[in-house]
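The values are calculated or read from the model by the stated rules, or taken from the named source; none is laboratory data. Values in this document were obtained by computation on a predicted structure and should not be read as measured data. For neighbour counting, all protein chains shown are included, and Cβ atoms are generated from backbone atoms with ideal geometry for every residue, glycine included. Accessible surface is based on the protein model in full, side chains and every heavy atom, while ligands, DNA and RNA are left aside. Shrake-Rupley method; radii C 1.70, N 1.55, O 1.52, S 1.80 Å.
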Amino acid sequence: PPTDDERRALLIAKINTKRGQSPARMIAIAAALGVTATVTEWFDAGRPLTWRMTLPGEVTIARYETAVYEHPFTGFTATGAAIKQQVERAKPAHTIVEWWDV
């Protein structure tokens, strides 16, 4: 994150979130940074365990400069990037995380 306050919030979030590899922990990581997120998980015969993590529009940047409902997003603000980084580190190795916008 670019500012001292955002870096401090990220450090506090790292210290205060519970450990583990559950969807609840991923939601807690986002909540510690002030973001309300949801995680939907499913198993599909064609792919391994997948989590769809939905973040609010304030922390995502639409692909191709347009926002389309229920399309995956790949760009993030500083806070969104911090959430993505922490979730990618904390998730189980065999889990795929798809990032979505509300």
Residue 92: passes all of (1) out of contact with any helix residue (DSSP H, G or I) (no Cβ under 9 Å at 6 or more places or on another chain); (2) modelled with pLDDT of 80 or more; (3) not in a loop (DSSP other than H, G, I, E, B) but (3)
In segment 1-60, which residues are among the basic types (Lys, Arg), closer than 17 Å to residue 89 by Cβ and either open to solvent by less than 70 Å² (accessible area, probe 1.4 Å) or not in a loop (DSSP other than H, G, I, E, B) (or both)? 7, 14, 25
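Somewhere in segment 6-22, is a residue of a type in the set (A, V, I, L, M, F, W, C) and either at pLDDT 90 or above or in contact with a strand residue (DSSP E or B) (Cβ under 8 Å, 6 or more places away or on another chain) (or both)? Write out each step before concluding.
Keep residues of segment 6-22 that are of a type in the set (A, V, I, L, M, F, W, C), which gives 9-13, 15.
Then keep just the ones that are either at pLDDT 90 or above or in contact with a strand residue (DSSP E or B) (Cβ under 8 Å, 6 or more places away or on another chain) (or both); that gives none.
No, there is no match, as no residue in segment 6-22 is of a type in the set (A, V, I, L, M, F, W, C) and either at pLDDT 90 or above or in contact with a strand residue (DSSP E or B) (Cβ under 8 Å, 6 or more places away or on another chain) (or both).
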